[in-house]
Amino acid sequence: MVKSLLNAVNNMFSHEDLGRLLLRLLVGGLMLFHGLHKLIGGIDGIAGMLVSKGLPGFIAYGVLIGEVLCPILIILGVLTRPSALVLAFTMVVAWLLVGIGKTGTLDATGAWAIESIVYFFIAALVIAFIGAGRYSVAPAWK
């Protein structure tokens, strides 16, 4: 009885390509909000952080690639693996700029202070490893 129930549930949810699509929509869609905020509000804050670390401020424009262009490509399933790797790299840079001092701390609600950075980093790596799947705009470019 239990075995047949488990088999039925496993068969019902055995849709790897749908899982890949949902993951792409989640990661790309949520990261796109961060990118749109920077697209609308500007990247001056990030440029200032880079300059304070002795780096040229123009590097801040890279955030638009990592948080706008790559999420759109991930959602569409176009150049998915390279886009996911760029997104993962963007999260490493975000950690180095704003999260490194918070790595061992909790925020006001008790969550890990760098939880969202780690979430996007790991999820981007997962997408890079598993690819876009069948449900993508350009399956040949996945």
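Could you list, in sequence order, all residues of the stretch 107-142 that are closer than 30 Å to GLY57 by Cα and outside any helix (DSSP H, G or I)?
Selection gives ASP107, TRP112, ALA113, ILE114.
Quick one: which of THR103, THR80, THR90 is exposed (fewer than 14 other Cβ atoms within 10 Å of the Cβ), among the hydroxyl-bearing types (Ser, Thr, Tyr) and modelled with pLDDT of 95 or more?
THR103
Within the stretch 119-134, identify whether any single residue is within 18 Å of LEU23 (Cβ to Cβ), among the basic types (Lys, Arg) and either surrounded by fewer than 20 Cβ atoms within 10 Å (Cβ to Cβ) or in contact with a His (Cβ under 8 Å, 6 or more places away or on another chain) (or both), and answer yes or no.
Among the residues of the stretch 119-134, at least one is within 18 Å of LEU23 (Cβ to Cβ), among the basic types (Lys, Arg) and either surrounded by fewer than 20 Cβ atoms within 10 Å (Cβ to Cβ) or in contact with a His (Cβ under 8 Å, 6 or more places away or on another chain) (or both), which makes the answer yes.
Anything in the stretch 80-138 that is touching a helix residue (DSSP H, G or I) at 6+ places or on another chain (Cβ under 7 Å) and of a type in the set (Lys, Arg)? List them, or say none.
Correct list: ARG81, ARG134.
The values are calculated or read from the model by the stated rules, or taken from the named source; none is laboratory data. Source: prediction; values computed, not measured. Glycine gets a Cβ as well: all are built from the backbone with ideal geometry, and neighbour counts include every protein chain shown.
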